[in-house]
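A quick write-up on the structure given underneath.
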Amino acid sequence: MLCKKLHHAAFRCKDAQETVTFYTQVLGLKFSHAMGEDHVPSTGKYSPHIHIFLEMEDGSSIAFFECPNDPGNMKDLTSPDWIQHFAFEVDSVETVLKAKADLIAKGVKVVGPTNHDDFITSIYFFDPSGHRLELTTRTCAQARYRIFESEAQGVLDLWSQTHDWSQRAKLYGAQTGYARSADKV
């Protein structure tokens, strides 16, 4: 396979220092690198910026650009809020629940836990720039993941033909949607 692992996913932030503080103190990530330029190296466009990297245990990172002179928003404002997000994997449902309690104690509003198709269980919250974040854990036996993988193309084909998620249950006898959480963010 060409792609070995995620190196980083990058977003825009309002304030680099505030972002570093949130991700290091609230989520425990390692602030691993900061770099910047007056011109974008790949395009040559004038855009003074700082590019910060926050590393996870496996070496992958979430990265941010603070670009104070550029127009635009922190995120896509025309898509529904729940679409654009970054999901961090943790080791267990117990860790998800402990993280929820810790986040709430730090004043962060949290949604969930939410069971997604008996595939993962997640909680959701926002960072200081308004990016939606997810803490998630895998919640089924390894054999079930092989079933999901074997069904993936058929589920996608069915969706492409019908754009009706309820058709999945008819074909696979599976859950037709995500379990709902009582609280919403």
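Laid out as a table, the results:
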item	result
Filtered residues of the stretch 1-16 (kept if without any contact (Cβ under 8 Å) to a residue 24 or more places away in the chain and either closer than 15 Å to A63 by Cβ or among the basic types (K, R) (or both))	K4
Residues within the stretch 50-61 that are over 18 Å from R132 (Cα atoms), assigned to a loop (DSSP other than H, G, I, E, B) and not hydroxyl-bearing (S, T, Y), tallied	3
Condition met for D118 (acidic (D, E), modelled with pLDDT under 85 and either surrounded by 13 or more Cβ atoms within 10 Å (Cβ to Cβ) or in contact with a Ser or Thr (Cβ under 8 Å, 6 or more places away or on another chain) (or both))	yes
Residue match in the stretch 67-83 (condition: at pLDDT below 95, touching a strand residue (DSSP E or B) at 6+ places or on another chain (Cβ under 6 Å) and among the hydrophobic types (A, V, I, L, M, F, W, C))	yes
Filtered residues of the stretch 86-119 (kept if among the small types (G, A, S) and at negative phi)	A87, S92, A99, A101, A105
Subset tally (residues that are of a type outside the set (D, E) and either in a loop (DSSP other than H, G, I, E, B) or in contact with a Pro (Cβ under 8 Å, 6 or more places away or on another chain) (or both)) for the stretch 100-131	14
Counted residues, the stretch 71-95 - those being over 18 Å from H131 (Cα atoms) and surrounded by 12 or more Cβ atoms within 10 Å (Cβ to Cβ)	4
Pairs where the first residue, in the stretch 139-165, is outside any helix (DSSP H, G or I) and surrounded by 13 or more Cβ atoms within 10 Å (Cβ to Cβ) and the second is among the aliphatic types (A, V, I, L, M) and at pLDDT 85 or above, C-beta under 8 Å, 6+ apart	T139/V93; T139/I120
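Here is a yes/no grid of residues against (1) modelled with pLDDT of 90 or more; (2) in a strand (DSSP E or B); (3) touching a helix residue (DSSP H, G or I) at 6+ places or on another chain (Cβ under 6 Å):
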{"position": "L6", "(1), (2), (3)": "no, no, no"}
{"position": "A10", "(1), (2), (3)": "yes, yes, no"}
{"position": "T19", "(1), (2), (3)": "yes, no, no"}
{"position": "S32", "(1), (2), (3)": "yes, yes, no"}
{"position": "P48", "(1), (2), (3)": "no, yes, no"}
{"position": "A63", "(1), (2), (3)": "yes, yes, no"}
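The values are calculated or read from the model by the stated rules, or taken from the named source; none is laboratory data. Treat the numbers as computed from the prediction; the structure is a model and nothing was measured. FYI the Cβ positions are ideal-geometry reconstructions off the backbone, even for glycines, and counts take in every protein chain you see.
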